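Here, each number is a calculation from the coordinates, and none is a lab measurement. These numbers come from a predicted model, not from an experiment. For neighbour counting, all protein chains shown are included, and Cβ atoms are generated from backbone atoms with ideal geometry for every residue, glycine included.
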Amino acid sequence: MKIYTKKGDSGTTSLIGGTRVPKHHLRIESYGTVDELNSYIGLIRDQEIGQKEISVLLEVQDRLFTIGSHLASEPGKAKMVLPELFEEDITFLEDEIDRMDDELEEMRSFVLPGGNTAVSYTHIARCVCRRAERVAVHLSEESEVDEKITTYLNRLSDYLFTLSRKLTKDLGATEIAWVPKK
């Protein structure tokens, strides 16, 4: 099977289920943003971070492929069985947030992104995750989107923020508090 089909040369692409839509369609934007997020998660995973974090990020990447498959599917038209997203996937992120948070100092202000490359990549992923959530919410206003998808993306951005703080600590970087000018 060739990687190129030439069917998209006219600016359209197929959803799972066969319907062709413009490449700028909100559904395409939705799963494309999730794909972008997944790539940033891979970039974080490639950094010098702990094995536990790598393991969690691999799980996240798997869940993002599941989410992408649902967003790439026209509701009610897919003939294939798609993998499921479960409430336990959201609970898993919450448990990981709590685990990391137990090791961190209490947050007293917003923090400026940066301090270490791995931390910066994590903040970028958090921002892309927030965008993926916004696009999925927008899509849900026009079409059926499993509520667990938007909940998972919301929780994932919280996980990524907490991970950025944990990596700051683990990698000996400095967490710089944002102090507004008066």
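Based on C-alpha pairs under 8 angstrom that are at least 6 apart in sequence, the chain has a relative contact order of 27 percent. With K and R counted +1 and D and E -1, the other residues having a Cβ less than 9 Å from that of Ser143 yield a net charge of -3. Sites listed here are trypsin sites (Lys or Arg not before Pro) in region 1-67 whose DSSP assignment is loop and whose Cβ has at most 10 other Cβ atoms within 10 Å: Lys2, Lys6. Between Leu43 and Trp178, the C-beta separation translates, for a Förster distance of 30 Å, into a calculated FRET efficiency of about 0.75.
In the chain, helical runs assigned H by DSSP with n ≥ 4 each contribute -39500 (n - 2.57); averaged across all residues and rounded to the nearest 500, the mean residue ellipticity at 222 nm is -20000 deg cm²/dmol. Seen against the Cα atoms of the chain and their longest principal axis, helix 26-45 is set at about 40 degrees.
Net charge in the neighbourhood of Thr168 (other residues with Cβ under 15 Å of its Cβ; Lys, Arg +1, Asp, Glu -1) is -3.
Counting neighbouring beta carbons within 10 Å and listing from fewest to most, the residues Phe92, Phe86 come out as Phe86, Phe92. When the trypsin sites (Lys or Arg not before Pro) in region 74-172 are filtered for DSSP coil states and for at most 15 other beta-carbon atoms within 10 Å of their beta-carbon, the remaining sites are Lys77, Lys79, Arg108. Among the listed pairs Lys77/Lys148; Lys23/Lys52; Lys148/Lys169; Lys52/Lys77; Lys23/Lys166, a Cα-Cα separation exceeding 29 Å is found for Lys23/Lys52; Lys148/Lys169; Lys52/Lys77; Lys23/Lys166. All other residues with a Cβ under 14 Å from the Cβ of Lys7 taken together, and with Lys, Arg as +1 and Asp, Glu as -1, what is their net charge? Once positives and negatives cancel, what remains is +3. Taking 22 Å as R0, compute the FRET efficiency from the Cβ-Cβ separation of Lys23 and Leu82 and round it to 0.05. Calculated value: 0.55.
Note that region 81-89 has calculated 3J(HN,Hα) couplings of 7, 8, x, 9, 9, 10, 4, 4, 5 Hz, one per residue in order, obtained from phi through the Karplus relation 6.51 cos²θ - 1.76 cosθ + 1.60 (θ = phi - 60°); glycine and proline are x. Simple spin-label estimate for Glu141 and Ile54 gives 4.2 nm between the two label positions (7 Å along the Cα-to-Cβ direction from each Cα).
Exposed loop sites here mean GluC sites (Glu not before Pro) with a DSSP loop assignment and at most 14 other beta-carbon atoms within 10 Å; the chain contains its longest site-free run at 1-47.
Among the chymotrypsin sites (Phe, Trp or Tyr not before Pro) in region 123-182, those placed in a DSSP loop whose Cβ has at most 16 other Cβ atoms within 10 Å are Trp178.
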